[in-house]
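Step one of this worksheet: look at the structure below.
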Amino acid sequence: MFLRTFLALVGLAELLAPRRVVDFWMRLAATSDDVELRRWVYTAARLEGLAILLWLLTRDDDPGEAVAVTAET
């Protein structure tokens with residue numbers, strides 16, 4: 001449950017404020033300040049946040065049912 005909540009928060013943050021999320025991770029990853037990101041990086045982060053949220057919303061929480069479906073086929 002904790003992982004699902006954490007992923008939901010990350011997805012929501014990327015969807016609503018992609019520039020802040022990307023800039024935060026770039027400050028941690030880059031050693032110099034001369035790194036310049038392309039404009040599409042923020043759009044990709046927003047799409048990633050949307051994909052995470054859609055995956056969480058459409059995901060089945062009952063793993064026993066998924067096992068039963070695969071056992072039948």
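The values are calculated or read from the model by the stated rules, or taken from the named source; none is laboratory data. Predicted model only: the values in this text are computed from it and were never measured. Here the Cβ is made from the backbone with ideal geometry for all residues, glycine too, and neighbour counts use every protein chain on show.
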Query raised in the report: Within the range 18-73, how many residues turn out to be outside any loop (DSSP other than H, G, I, E, B), modelled with pLDDT of 90 or more and either in contact with a His (Cβ under 6 Å, 6 or more places away or on another chain) or of a type in the set (D, E, K, R) (or both)?
Result: 5
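Looking at this structure, is residue 28 surrounded by 14 or more Cβ atoms within 10 Å (Cβ to Cβ), out of contact with any strand residue (DSSP E or B) (no Cβ under 6 Å at 6 or more places or on another chain) and not small (Gly, Ala, Ser)? Walk me through it before giving the result.
Numbers: surrounded by 14 or more Cβ atoms within 10 Å (Cβ to Cβ): no; out of contact with any strand residue (DSSP E or B) (no Cβ under 6 Å at 6 or more places or on another chain): yes; not small (Gly, Ala, Ser): yes.
No: the conditions fail for residue 28.
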